[in-house]
1. Would you confirm whether any residue within segment 158-176 is under 13 Å from the mean Cα position of the chain (by Cα), buried (at least 17 other Cβ atoms within 10 Å of the Cβ) and not basic (Lys, Arg)?
2. If you scan segment 66-81, which residues turn out to be of a type in the set (A, V, I, L, M) and either assigned by TED's automatic domain parsing to the domain that holds LEU238 or part of a loop (DSSP other than H, G, I, E, B) (or both)?
3. Every residue in segment 87-111 that is free of Cβ contacts under 8 Å to residues at least 40 places away in the same chain, touching a Phe, Trp or Tyr at 6+ places or on another chain (Cβ under 8 Å) and in a helix (DSSP H, G or I), please.
4. Scan segment 16-63 for residues that are closer than 20 Å to LEU80 by Cα and touching a residue at least 40 places away in the same chain (Cβ under 8 Å) and jot them down.
5. Just need a number here: residues in segment 7-42 that are in a loop (DSSP other than H, G, I, E, B) and among the aromatic types (Phe, Trp, Tyr).
6. For segment 208-243, give me each residue that is in a helix (DSSP H, G or I), at pLDDT below 70 and aliphatic (A, V, I, L, M).
7. Please state which of the following conditions LEU84 fails to meet, knowing it meets all the rest: (1) more than 30 Å from VAL181 (Cβ to Cβ); (2) assigned to a helix (DSSP H, G or I).
8. Using the structure shown, decide if SER56 is small (Gly, Ala, Ser) and either more than 25 Å from VAL110 (Cβ to Cβ) or assigned by TED's automatic domain parsing to the domain that holds LEU109 (or both).
Amino acid sequence: MMVLSDILIFVFGTVIGSFLNVVILRLPEDKPMTGRSHCPHCGHQLTVSELVPLLSFLVLRGRCRNCKAKISPRYFIIELACGLLFLLGWLVVAPTNFTSYIVYFKFLLVATVGLVVFVIDLEHYVVIENLVLATAGIILLVNLISGHFLNSFLGAFLGALPMFLVWVFPPRGQWMGFGDVELMLMLGAAAGFPGVLVALLLAVFGGGLVSLILLLFTDKTLKSRIPFGTLLVPATLLAMLWAPPLIHWYLGLLGF
């Protein structure tokens, strides 16, 4: 029974991931979310059998059935990532009561919105402000209902404040966009305190590592822009699941 529930959670996650592909493709261009999916090369409208998450890509060998043009592996990767995130949260949180289901819901919300933000920021260097602010509002409301509003508000404040200071530091907006401030408001509300501190530390260390790799192996320079939102999202997801053991491990390194 447990294995069956795990499979269903994973499959449901891949279905959500399939929808996220549509959002990621259309949201930056202000296109409506309604309307049939179609091949971007020939305009062929996809049938139900061509929209089965993961399987359709494998069966069609990554090509359009009509024009045989290659389909970006991004669609498959996002469906798989979403399915794995849904399953990971389910296994780690292991919800059994109202409080734990709230925790799992918040993780799913951050995972789905975070995937959209992650890919759009990676490709377009932009954070969809309306999306992250609306999600932040939902998270705060859920925490208000569940009795964790103060913790959530503190996380949002402590997460957004350092990002705001970096953004406002002269020359304003040159170091990072204001969308990253709003994104950290959402992520901080979800991680709470002290989880938000773990998320920020992971993002900073991750940013340093990624920057070093890019400087060594690509044509990036010290003046090149790094999409910081792509680092904040996975760092927050890790903090939401494992903040206490990560804090304990880090304090142990410091001798506490």
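1. no
2. So the first thing to find is which residues in segment 66-81 are of a type in the set (A, V, I, L, M), and the list is 69, 71, 77-78, 80-81.
If the condition is that a residue be of a type in the set (A, V, I, L, M) and either assigned by TED's automatic domain parsing to the domain that holds LEU238 or part of a loop (DSSP other than H, G, I, E, B) (or both), then ALA69, ILE71 are the ones that fit.
3. TYR104, LEU108
4. ILE16, GLY17, SER18, LEU20, ASN21, VAL23, ILE24, PRO53, LEU54
5. So the answer is 0.
6. LEU214, LEU215
7. (1)
8. yes
The values are calculated or read from the model by the stated rules, or taken from the named source; none is laboratory data. Computed from a predicted structure; not experimentally measured. Note that each Cβ is placed from the backbone with ideal geometry, even for glycine, and that neighbours are counted across all protein chains shown.
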